[in-house]
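Chemist: Below is the structure I would like to discuss, written out as structure tokens.
Computed from the coordinates by the stated procedures, all read-outs in this text should not be read as laboratory data. Only a predicted model underlies this, so the values are computations on that prediction, with no experimental measurement involved. Don't worry about glycine lacking a Cβ; one is built from the backbone with ideal geometry, like all the others, and counts go over all protein chains shown.
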Amino acid sequence: MDTSENIAIKFQAITCPNGIIAHLYGPETGSRHDLHLLRRSGLKENMPNWLHHNGIMYVIYRDPAYKLLSWMNLLFMRTNSVPQKENFNASMSSVHVSVEWGFGLIEKYWAFCDYHKNLKLWIQPVGVYYSVACILTNVHTCMNGGNQISDFFKISLPSAQEYLHSAPLLN
């Protein structure tokens, strides 16, 4: 969407293996670096606390644009690879795509969010439209027994009511 006639906006998202978009931050100007979104989102301060559950420390698979944080993982470099690292890289490469699936579901169910010719950034609350579409996508996922992400990971979902009671996690 970056052309001389259009102004791009971007969002940062964290998608859980159950197909729920648990964090959506934005919009920010499309020209901003991903690290700017990370700083502004508050994730650096809050995520380490959110990832501790029942004595287990979980991690997030990150985009290469983000700097290394203890709770973010990335593929291993290809130099001096050992079979365990190669297996990890192979399995994680397919996982990264699931975040893009989440954005795709928003655009599938709420096509107006992807209709650039009709969205007027300075006239309409485009960021609000997208954020609401994200929440409604999550509710749709809960009410319909999952989506391609939860099917891929074979993870159960909360009910729509349980999801809506936990919605404050969605920034």
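Chemist: Within a 10 angstrom radius of the beta carbon, how do I149, I60, I135 rank from fewest other beta carbons to most?
Modeler: Details: I149 24, I60 19, I135 16.
Result, fewest neighbours first: I135, I60, I149.
Chemist: Subtracting the Cα-Cα distance from 0.36 nm times the residue separation, let me have the gained length for V82 to H52 in nm, one decimal. List each step's numbers first, then the result.
Modeler: Values: separation 30, 0.36 × 30 = 10.80 nm, distance 2.95 nm.
Taking 0.36 nm per residue and subtracting the Cα distance, the gain is 7.9 nm.
Chemist: Related question: Could you calculate the contour length gain from R40 to E162, that is, 0.36 nm times the residue separation minus the distance between their Cα atoms, to one decimal place in nm? Working shown, then result.
Modeler: Values: separation 122, 0.36 × 122 = 43.92 nm, distance 2.79 nm.
Going from the current span to full extension adds 41.1 nm.
Chemist: Please turn the phi angles of the range 23-40 into ³J(HN,Hα) values with the Karplus equation 6.51 cos²θ - 1.76 cosθ + 1.60 (θ = phi - 60°), one per residue in order, whole Hz, x for glycine and proline.
Modeler: 8, 9, 10, x, x, 10, 4, x, 7, 5, 6, 4, 5, 4, 4, 4, 4, 6
Chemist: A further question follows. Going by how many other Cβ atoms sit within 10 Å of their own, how do T29, T141 line up, fewest first? Intermediate values should be presented prior to the final figure.
Modeler: Working: T29 11, T141 25.
So the residues, fewest neighbours to most, are T29, T141.
Chemist: Listing K108, K154, K10 from the residue with the fewest other Cβ atoms within 10 Å to the one with the most, what is the order?
Modeler: Arranged by neighbour count, lowest to highest, K108, K154, K10 become K154, K108, K10.
Chemist: Also: Quick query: amide H of I9 versus all other amide H atoms, modeled in the peptide plane; which residues come in under 5 Å with a sequence gap of 5 or more or a different chain?
Modeler: G30
Chemist: Straight distance only, please: which lysines reach the Cα of K120 with their own Cα at less than 24 Å, same-chain residues fewer than 8 apart left out?
Modeler: In chain and number order, the partners are K10, K108.
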